[in-house]
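Here, each number is a calculation from the coordinates, and none is a lab measurement. Predicted model, so just to flag it, every value in this text is computed and none were measured. Cβ: placed from backbone, ideal geometry, glycine included. Neighbour counts: every protein chain shown.
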Amino acid sequence: MLEVKNVTKTFGGVVANKDVSFSFEEGQIVGLIGPNGAGKSTMFNMISAIFPPSEGEIIFRKQRIDKMPTNAMAPLGISRTFQNLQVFKNMTVVENVMVGRHIRTKTGTLRAALKLPGTKKEEVSAYDKAMEYIQFVGLQDLYDHLAGNLALGKLRLLELARALATEPKLLLLDEIAAGLNHKETKEMSNLIEKIRNNGTTVFVVEHDMDLVMSICDKIIVLDQGEKIAEGTPREIQSNQRVITAYLGAEVEKNAQ
Ligand SMILES: Nc1ncnc2c1ncn2[C@@H]1O[C@H](COP(=O)(O)OP(=O)(O)OP(=O)(O)O)[C@@H](O)[C@H]1O
Ligand SMILES: [Mg+2]
């Protein structure tokens, strides 16, 4: 499904990703882990075409995507959530999800805003679809609340619903469980598994090791921009290079 080939990304003098290669098949939950600054979000930003790699190729379902514009990704079947939430605080839950849904409908936001002929029916179906995903993540009681009034756990569910509303084949989740309590994290794990079981491949960046180890079929580990390991949760847990990378990061943090 996805193939990352010798990808390097530099920002001025900073090498965020260095000659990274990996691939995975459809139907899995794949984890991307590594200490802070390892290059995880940068990799997601390239896969979702926020910016291109400095070197290398990214291939999604046999198609090269690394030179495509960002807005080509959702129609191709890639959608994502952001580490720093990107919801519209002055819009309701359902409106936020409809923004995500709009790119799947023929009538874009502008057309709908102008209420041109032919928009009404699609508006209704965009609304119905949005409600379907809101129900799926369990936000149905809050559908008409302003996003700005939601607690963090609900905001993360809202981002998830919006990403799902584009009906992706590949869903990228960047620290979707960050800041969630134990119960919310467990519910998020269950939802991710449900999404995979419904046929969407899920690629997760996550610091919560319990979540990663319990739901991922396969894990890729980055450290300082480089891939240092790849394997099953069991293999990764006992990998000496991975343990050293995480311990090193801990020692550095404590020294600061
Ligand atoms: N847009 C950017 N401009 C300049 N430097 C960047 C940019 N994005 C990332 N970097 C740098 O690239 C490196 C990797 O950052 P990245 O955000 O990918 O790490 P990460 O693994 O997601 O970390 P975290 O776990 O803290 O989210 C860091 O040194 C970061 O400062
Ligand atoms: Mg990050």
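Here are the numbers for the structure shown:
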| quantity | calculated |
| --- | --- |
| Beta bridges per DSSP with both ends in the stretch 124-256, % antiparallel, nearest 5 | 50 percent |
| Nitroxide proxy distance, nm - points 7 Å out along Cα→Cβ at His182 and Met91 | 3.7 nm |
| Gap separating the Cα centres of the stretch 127-142 and the stretch 17-67, nearest whole Å | 30 Å |
| Within-11-Å neighbourhood charge of Leu146 [Cβ basis; K, R +1; D, E -1] | -1 |
| Net length gained if the chain between Asn71 and Ser54 were fully extended (0.36 nm per residue, minus Cα distance) | 4.1 nm |
| Candidates Tyr246, Tyr133, Tyr143: whichever shows maximal mean-square fluctuation once the chain is modelled as a Gaussian network with Cα springs under 10 Å | Tyr246 |
| Rough spin-label spacing in nm, given labels placed 7 Å along Cα→Cβ, for Gln135 and Thr232 | 3.8 nm |
| Among beta bridges that DSSP assigns inside the chain, antiparallel share in %, nearest 5 | 55 percent |
| Residue list for the stretch 200-222, given a label point 7 angstrom along the Cα-to-Cβ vector of Lys62 and an amide N cut-off under 14 Å | none |
| Label point distance in nm, Asp210-Val99, each placed 7 Å from Cα along Cα→Cβ | 3.3 nm |
| Qualifying aspartates and glutamates (Cα of each under 13 Å from Cα of Lys169; at least 8 residues distant if same chain) | Glu25, Glu26 |
| FRET efficiency, 1/(1 + (r/R0)^6) with R0 22 Å, evaluated for Asn190 and Asp144 via beta carbons | 0.30 |
| Normalised contact order of the stretch 1-71, rounded percent, pairs of Cα under 8 Å and 6 or more residues apart | 37 percent |
| For Ile65, net neighbour charge (Lys/Arg +1, Asp/Glu -1) across residues whose Cβ lies under 14 Å away | +4 |
